[in-house]
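The values are calculated or read from the model by the stated rules, or taken from the named source; none is laboratory data. Worth saying up front: this structure is predicted, and the values here are computed from it rather than measured. Cβ placement follows ideal geometry from the backbone for every residue including glycine, while neighbour counts extend to all protein chains displayed. Just so you know, the surface numbers come from the protein's heavy atoms only, side chains and all, with ligands and any DNA or RNA stripped out. Shrake-Rupley method; radii C 1.70, N 1.55, O 1.52, S 1.80 Å.
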Amino acid sequence: MLKKDNSPSASNSDENHDLLLKAASSVSPVNELNEANQAALCKTAKVVHVQRNDQLQPEAANRWLMYLVEGSLQLFNGKEEVGSISARTSESAQPLFQDKTAYTMAKTSAVAKVVKFGREQLNILLSEQQKNAIHVVDVHTSEHDNVLLDDIIQSMRTNKLQLATYGDAARKILVNVDGITAVPELAEVILTDPGLTAHVLRITNRSDAGGSDAAHSVRGAISRLGVEDTKLNMIDLLKNNTIVPANEAIAKRYKRYIQRTTLSAAIAQVLAGSVPELKGEQAALVAMMSDIGELLVLTHANKFADQFADDATLVSSIESLRAIMNGWVLSVWEFPEEYIDASYKARDWYRNHSGEITYTDLVTASLLIIQAEMPESEHSSIPSVDNLLLARRLQQAGIDLKSPGDIVRAATSKIVTTQQMLKAG
């Protein structure tokens with residue numbers, strides 16, 4: 001029989017800490033908790049060492065959610081063997097004995113490890129986390145949208161969320177990164193790619209070297225990780241997250257996304273110079289991350305290229321899913337609130353603008369400027385600045401959205417300087 005929790009076989013000692021945290025981020029529904037709540041749950045969690053012929057039975061499932069993390073288990077209904085389960089599979093990401101009618105016992109012919117999370121504590125943490133959620137987005141999805149949603153949700157459940165870099169951009173960065181030794185230059189290279197930027201910031205914020213302001217500065221992120229470790233992470237991320245556009249529609253839309261996002265970040269940084277309370281680099285990062293959901297949609301659409309071969313279908317899914325994916329990614333990766341706020345509200349053109357100018361206001365302004373100076377050929381939902389409350393408020397700070405030429409020139413000059421750092425490769 002399974003040994004009791006107070007024996008050496010069941011432990012939450014320091015040596016099991018990393019195993020518990022890794023399990024918490026990959027099994028369902030524990031991985032729906034944010035990182036702070038996962039860490040809190042792990043304090044009372046246990047690792048059970050299952051020896052040969054030890055038995056697991058569903059009685060314990062009343063108090064615990066149990067997951068196989070190492071080895072394999074044979075499943076029995078009475079005396080009849082009805083199947084097996086192995087660690088690191090989609091089945092092992094679900095609780096053991098979730099369906100108590102499927103099997104009544106599990107045991108191993110060798111050894112295995114099972115982690116146990118307190119069911120009641122998990123429910124409390126999930127409930128509190130949901131109460132604290134402040135954004136609700138009503139989304140009406142099509143069949144094409146649902147294909148992407150199902151795939152994205154699965155990637156989140158398995159902790160394999162991917163924000164892709166596309167081929168040519170990755171190649172240029174990989175060719176040049178080895179020769180860069182200074183923090184400012186390395187930061188500028190990272191900032192040429194939104195997906196790479198998001199991944200680097202996430203790594204920094206999750207590391208022991210992270211700090212409360214880590215997400216606000218790529219230079220700060222590099223300083224915390226160290227130049228060489230940052231470069232190693234970059235190389236690893238690019239090798240694992242680089243994809244080639246599978247059709248012309250995806251290639252075209254990705255190119256437009258990168259151009260708009262890069263320019264939006266540069267414009268927001270320029271605009272922040274007129275608002276003393278706001279920081280330029282933070283404004284650029286908020287702008288760059290505000291449409292990160294579009295990159296997620298493009299990344300997954302590339303896996304179903306035959307269903308997204310025409311631009312209209314792809315654009316429709318981007319418009320439907322972008323806002324909710326924006327906030328979802330940034331929330332799951334625990335970006336600060338101003339990033340999440342911009343991801344939901346920046347495209348709410350007619351929202352009430354009161355109080356101090358915020359980073360969200362600068363992101364909205366940058367999108368308006370881009371549409372005014374470089375309008376998309378097809379119909380756009382982005383309005384003219386005429387009669388927008390935001391335009392009047394920004395004008396009081398010395399930012400004239402009706403004469404954006406100088407702002408765009410300053411922003412594009414910065415982009416050109418950065419691009420010249422990257423050789424053709």
- Item | Candidates Ala187, Ala164, Ala170, filtered to the one that is buried (at least 20 other Cβ atoms within 10 Å of the Cβ) and within 15 Å of Val329 (Cβ to Cβ) | Ala164
- Message: With the structure loaded, tell me whether Glu15 is part of a strand (DSSP E or B) and open to solvent by 50 Å² or more (accessible area, probe 1.4 Å) or whether it fails that test.
- Response: no
- Task: Looking only at region 236-255, count how many residues are closer than 13 Å to Asp193 by Cα, in contact (Cβ under 8 Å) with a residue 24 or more places away in the chain and assigned to a helix (DSSP H, G or I).
- Result: 4
- Query: In region 45-73, how many residues are surrounded by fewer than 17 Cβ atoms within 10 Å (Cβ to Cβ) and at pLDDT 90 or above?
  - Reply: 1
- Query: Can you tell me which residues in region 381-399 are within 34 Å of the chain's Cα centre (by Cα) and in a loop (DSSP other than H, G, I, E, B)?
  - Reply: Ser381, Ile382, Pro383, Ser384, Val385, Leu388, Ala397, Ile399
- Item | Tally, over region 98-118, of residues that are modelled with pLDDT under 90, closer than 21 Å to Leu33 by Cβ and buried (at least 16 other Cβ atoms within 10 Å of the Cβ) | 0
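Looking at this structure, is Arg224 out of contact with any strand residue (DSSP E or B) (no Cβ under 8 Å at 6 or more places or on another chain) and touching a residue at least 40 places away in the same chain (Cβ under 8 Å)? Can you show your working first?
Numbers: out of contact with any strand residue (DSSP E or B) (no Cβ under 8 Å at 6 or more places or on another chain): yes; touching a residue at least 40 places away in the same chain (Cβ under 8 Å): no.
In short, no.
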- Here is a list of conditions, (1) modelled with pLDDT of 90 or more; (2) surrounded by 14 or more Cβ atoms within 10 Å (Cβ to Cβ); (3) touching a Lys or Arg at 6+ places or on another chain (Cβ under 8 Å); (4) not acidic (Asp, Glu), and Asn31 meets all of them except one; can you say which number that is? (1)
- Could you run through region 267-292 and say how many residues are of a type outside the set (Val, Ile, Thr) and either buried (at least 24 other Cβ atoms within 10 Å of the Cβ) or at pLDDT 95 or above (or both)? 11
